[in-house]
Amino acid sequence: MSVDNIPEEIQQLCEEIDLHNYRYHVLDEPTVPDAHYDKLFKQLKVWESQNPALVSAQSPTQRVGARPNSGFGQITHEMPMLSLDNAFNPAELSDFDVRLRDRLGRSADKPIEYACEPKLDGIAVSLLYEDGLLIRGATRGDGAVGEDITHNVRTIPSIPLKLRGTGYPQKLEVRGEIYMLKAGFKAMNEKAAKSGDKTFVNPRNAAAGSIRQLDPRITATRPLEMCCYSIGVVSDGEMPADHYATLQLLNQWGLKINPYLQKSNGITDALGYIEKMQQLRTELPYEIDGLVFKVNNYNLQQRLGFISRAPRWAIAYKFPAQEEITQIEQVEFQVGRTGAITPVARLTPVFVGGVTVSNATLHNMDEIARLELKVGDWVVVHRAGDVIPKVVRVIRDKRPGDATEVEFPDACPVCQSAIVRIEGEVISRCSGGLTCAAQRKEALVHYVSKKALDIDGLGEKLIDTLVSKEMVAKFDDIYYLSKVNLMRLERMGDKSVDKLLATIERTKHTSLDKFIYALGIREVGEATARNLAREFGYLARILAADVERLEQVADVGPIVAKHIVSFFAQPHNLEVIDNLRSAGVTWPEAEPVAEDELLLAGKVYVLTGTLEQMGRSEAKAYLQELGAKVSGSVSKKTDCLVAGTAAGSKLKKAQDLEIEILTEQQFVDFLKTQGVEV
Ligand code: 5U1
């Protein structure tokens, strides 16, 4: 780079760094590697140190400034920062729509357009831009007066110090939420715990604690983001006529908005949005505690007005609380498929995350020690989506005087075999193997599960009965079940027995990967099983492979390789395989396909939007299995974009670059042609 014209070069470099910042932190579409960004940043620092008079307050190097001299100043909001009315179920949301239509004199056939967006669980803030420059950041406070946090908001990379482009009003107040990503929160807490520093209870508290630091150098180290959801004071400038268009414009000016923002035509559409977001909730990289629905059109908003401190034209749809307090009644020990002994807390039933919870996993004894948990303690239980409820902390102040220590059993609670704990492992296991009824049952449940032999109709309850009545003990016993015997069981009629026997017969024809997965080898999940099947083609070759050879398979490290070798070294496991073959279980075997001969070898795929029929990671695994590379951003090198619903800027970019685009259904259909069942 030439340095003949330093002021211009510095200016250009600032703009280039700002652009990368915007692409990375606001659009989530970086176009250069981190190392390149770091190089540019370093260069700017060098030039600025040589030309201190040319350092502008908006330079990317100037995000971390001095701490305020006299604590946090107070800011009176020129326009109060409102709160939101709440709805707790679909009926209350429908009532809201009816109320608004009554007020506006609209019949049901003239639906109101709503802007729908997630309600981030963070800290509400206001940013003030004058002539495009960030001049102030304030917390919401009590809605009328907040705290001056300008020194801290400047450190947040998704907040531009200077608006991009042109056309913004001379004075523009932007409002939104500062929050912390779940992954950043976890990493930050782990680091703090290691160095003996204070940890935070949840991402929201961590964000609040970070934004209320006097020293901006501390805030700068915290993984904070800001997402904008409205405007406040605007003067000397034009803004669009609706909320959705306003947020799009804020995004063009460099501010982050939520990618799941969408319009809905009427309340039925809005209810569909709830369904979709509820499913997505646990996959989101940040916590949300609900959704917000706003009348999109500003004229209508004005006509509707306010009631006390909340607008009539908006409502927060609150999800059920994910954390509640309850008491530990007992700690019991369960035996899993691989013999792992897991402590489970029996709780006083509590309604959390939309269901009544009476059990929560405690993982292992180390976790109990970490939580310092005793029987009788009051605890906070967390339940998110379909994930197993978890005890997150003990409320020490509420510990009853008669709380007792958790005692680990001396022997397996099911079969009384010895319990072993391998050095370096946190898990203790029952040494009974398949002689232990609990392990047998879990192994059978795994064998018949969807991703294994997929014997629909042979559920956990029926297996329980079959095991306890000693009708099934080993996998192959399933294939010798008779109609007469099954008919003797409760709730098993003629039709359901016929159906079950037909399914058992049909699913005898399986695939090598499903068969390997079904065997229940430790640490061999469906992806590893697929990689093994693809790499070897024949079961006999997997049986013959040593640790070194197995380690060459994608996904297989030394531990997994050792598990595979030791599984096949045990005569009783080979006997299981022989017996299954004798019972008629078959799968096609073929020469493996070389990596570069895979259908999608060398192809670059990008996934965007919400996939309804599978998770992102599942879609990624399918593509990788077919040889494709999966990238996070669209570029000229992209061969195909798989676009789910609510796809945003990546879809637009792919259209601009004329890249092949598949809808989710087209993608699923394509996978089916490759024998992948979704
Ligand atoms: N997503 C979103 N969260 N949230 C919070 N929008 C939104 N709007 C709010 C609040 C308090 O208030 C409006 C009245 C602007």
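What to note about this one:
- Entry remark, the range 307-333: residues being away from the ligand (no atom under 16 Å from the Cβ) and either open to solvent by 20 Å² or more (accessible area, probe 1.4 Å) or on the phi > 0 side of the Ramachandran plot (or both) number 11 in total.
- Which numbered condition residue 180 fails, given (1) at pLDDT 95 or above; (2) open to solvent by less than 10 Å² (accessible area, probe 1.4 Å); (3) under 28 Å from residue 235 (Cβ atoms); (4) in contact with a Pro (Cβ under 9 Å, 6 or more places away or on another chain): (3)
- Residue match in the range 293-306 (condition: within 12 Å of the ligand (Cβ to nearest atom), under 21 Å from residue 86 (Cβ atoms) and open to solvent by 70 Å² or more (accessible area, probe 1.4 Å)): yes
- Filtered by the rule that a residue be under 22 Å from residue 172 (Cβ atoms), crowded, with 17+ Cβ neighbours inside 10 Å and more than 16 Å from the ligand (Cβ to nearest atom), the range 59-103 gives 59, 60, 63, 75.
- Selection from the range 349-376 of residues that are among the acidic types (Asp, Glu) and either at pLDDT below 95 or within 14 Å of residue 324 (Cα to Cα) (or both): 366, 367
- Tallying residues that are open to solvent by 10 Å² or more (accessible area, probe 1.4 Å), more than 16 Å from the ligand (Cβ to nearest atom) and free of Cβ contacts under 8 Å to residues at least 24 places away in the same chain within the range 104-155 yields 8.
- Answer residue from the range 28-52, given it is at pLDDT 90 or above and among the aliphatic types (A, V, I, L, M) and is nearest to residue 257 (Cα to Cα) among those: 40
- Exactly one residue out of 676, 642, 634 is surrounded by 14 or more Cβ atoms within 10 Å (Cβ to Cβ), without any contact (Cβ under 8 Å) to a residue 40 or more places away in the chain and within 25 Å of the chain's Cα centre (by Cα), and it is 642.
- Selection within the range 218-238: residues that are within 14 Å of the ligand (Cβ to nearest atom) and more than 21 Å from residue 202 (Cα to Cα). The member of this set that is surrounded by the fewest Cβ atoms within 10 Å (Cβ to Cβ) is 233.
- Scanning the range 576-598 for residues that are at pLDDT below 95 and among the acidic types (Asp, Glu) turns up 589, 591, 595, 596, 597.
- Counting residues in the range 240-248 that are more than 16 Å from the ligand (Cβ to nearest atom) and either at pLDDT 95 or above or closer than 15 Å to residue 163 by Cβ (or both) gives one or more.
The values are calculated or read from the model by the stated rules, or taken from the named source; none is laboratory data. Since we're looking at a predicted model, the values are computed, not measured. Heads up, the Cβs are rebuilt from the backbone with ideal geometry, glycines too, and the neighbour counts pull from every protein chain shown. Heavy atoms of the whole protein, side chains included, go into the accessibility calculation; ligands, DNA and RNA do not. Shrake-Rupley method; radii C 1.70, N 1.55, O 1.52, S 1.80 Å.
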